[in-house]
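The structure appears below as structure tokens.
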Amino acid sequence: MIESLLVANRGEIARRIIRTARRLGVRTVAVHSDADADLPFVAEADEAVSLGAAAPAQSYRNPEAILAAAKTANVAAIHPGYGFLSENAAFARNVADAGLIWVGPDATAIEAMGDKINARNLMAAAGVPVAPGTADPAADVEAALTAAAGIGYPVMVKAAAGGGGMGMAVAADEAALRTEYDKVRAFAERMFGDGSVLIERYFPRVRHIEVQILGLADGRVVALGERECSVQRRNQKLVEESPSPALTPVIRQRLLDAAVRAGEAVGYRNAGTVECLFVPGEGGEGEFFFLEMNTRLQVEHPVTECVYGLDLVEEQLRVAAGLAPGFDPEALTPRGHAIELRINAEDPKRFFPGPGVIRTWVEPAGAGVRVDSGYAEGNTVTPHYDSLMAKLIVSGADRAEAVERARAAVAAFEVAGPKCNLPFFAELLENDEFLSGDYDTGIVGRMR
């Protein structure tokens, strides 16, 4: 096992990684900005190194500062968590060049899947279904219009280098496409430094379902079930559950097999997620299309851990160290149902961020209840970073029991100070559409 690890992240995911590393006897080093100096993850690491100013570009997105901290702390490996530099191929390569172990896929795989157009072409060649769309960037608005005429309206206009639900817009006709193309291109150039735009068919009623894959040290790629991620606001997830209530056994197996092919197509190692759009069909069937591949650990990984009885961070570390998995890939058996709710510092109606000092923080407990939190009472949620404060994960023998436990846990979770979206979850867990399991990515809009 790796002897020492720098966690190049913050908040709940840093605590999550540190917790597993400590259990495995791995020395941990936290890095933090000035704004995060008092957060729990800093105190829980064996050592902490300050990165300086709060701005991400000067702290958590500063490759030079993180590599300098790794050298100072004399660590063997770097775990990037999610966000920040986790999918930065250049940083992954720099880590390896510095003689350190990168806990994630190699830079080649990150590059291959980081560009949406390149990724969809690779997937199509590997036999993974892709939605009707452009095989090359739409160089200008006229090229986009020509592509859309062949695909059929409505279309999705997407930044090829985008991610996390950013850089996407729907165009219902030519006039809308002219407007949205220019907006997405300008946004992509500003945010990602790459204005390449992809045009794909837009499906008005669709579900967002993803598959957790793990590329093992021996070269095999295994699928660890799927997660339903259709409860979203602004194309960003709020709730995830596993297994998906939408899939029949036949469709599920097809989806898992396709995800394995996706990983094999790029020689994938470590944890990753193959995200797909699922278009429901008659009789419980339907079709799925490759959306993108996230070359890192996902925020929602705990629901997979609960259903499969695994520690995905441990498995990441084992792969990075060249060790065999801590489970038998031929005997994977999912059990029960798990749901994750993202507890954010945001308005529960319009979902606008609302940072502030946490005056009250009381986490729920009990059978089937897990809380992965990044904050404690007295801490300040600042406007510098994502609004995620904690993840509430509940599990049960079946979906009904998991929902019932989620209701009780939401009612018992006390947060005062920052704005908080707990009231939204209380509403969702009584919503007939959600309770039926027959919902799609438009459910939050219909609730509002």
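None of the figures in this text is laboratory data; all of them are computed from the coordinates on show. Keep in mind it's a predicted model, so treat the numbers as computed, not measured. Every residue, glycine as well, gets a Cβ built from its backbone with ideal geometry; the counts of neighbours run over all protein chains shown.
Got a sec? Charge dipole of the stretch 207-447, +1 on Cβ for Lys and Arg, -1 for Asp and Glu; which of 289, 362, 214 is way out at the positive end? In the stretch 207-447, that residue is 362.
Taking other residues whose beta carbon is less than 13 angstrom from the beta carbon of residue 130, and scoring Lys, Arg as +1 and Asp, Glu as -1, yields +1. For the Cα trace of the stretch 132-201, dividing Rg by the Kirkwood Rh returns an Rg/Rh value of 0.92. Cα-based values for the stretch 4-103, radius of gyration first and Dmax second, are 11.9, 32 Å.
Every pair of different Cα atoms in the stretch 207-447 enters the Kirkwood calculation, which places the hydrodynamic radius at 18.6 Å.
Of the peptides 225-231, 49-55, the ranking by mean beta-carbon count within 10 Å, highest at the top, reads 225-231, 49-55.
Both numbers refer to the Cα atoms of the stretch 309-364; Rg and Dmax are 18.7, 48 Å. With viscosity set to 1.306 mPa s and temperature to 10 °C, compute the Stokes-Einstein D of the chain, Rh being the Kirkwood radius across alpha carbon pairs; µm²/s, no decimals. For the chosen part, D equals 71 µm²/s.
Each peptide among 3-12, 271-280, 432-441 gets the average number of other Cβ atoms lying within 10 Å of its residues, and from highest to lowest they stand as 3-12, 271-280, 432-441. Kindly work out what percent of the DSSP beta bridges joining two residues of the chain are antiparallel, to the nearest 5. Counting DSSP beta bridges with both partners in the chain, the antiparallel share is about 80 percent.
With distances taken between every two different alpha-carbon atoms, the stretch 262-392 has a Kirkwood hydrodynamic radius of 18.0 Å.
Computed about its Cα centre, the charge dipole of the chain is approximately 460 debye, with only Lys, Arg, Asp and Glu carrying charge at their Cβ.
Computed about its Cα centre, the charge dipole of the stretch 132-201 is approximately 200 debye, with only Lys, Arg, Asp and Glu carrying charge at their Cβ.
Work from the charge dipole of the stretch 207-447 (Cβ charges, +1 for Lys and Arg, -1 for Asp and Glu, about the Cα centre) and give the residue of 413, 324, 376 farthest towards its positive end. Result: 376.
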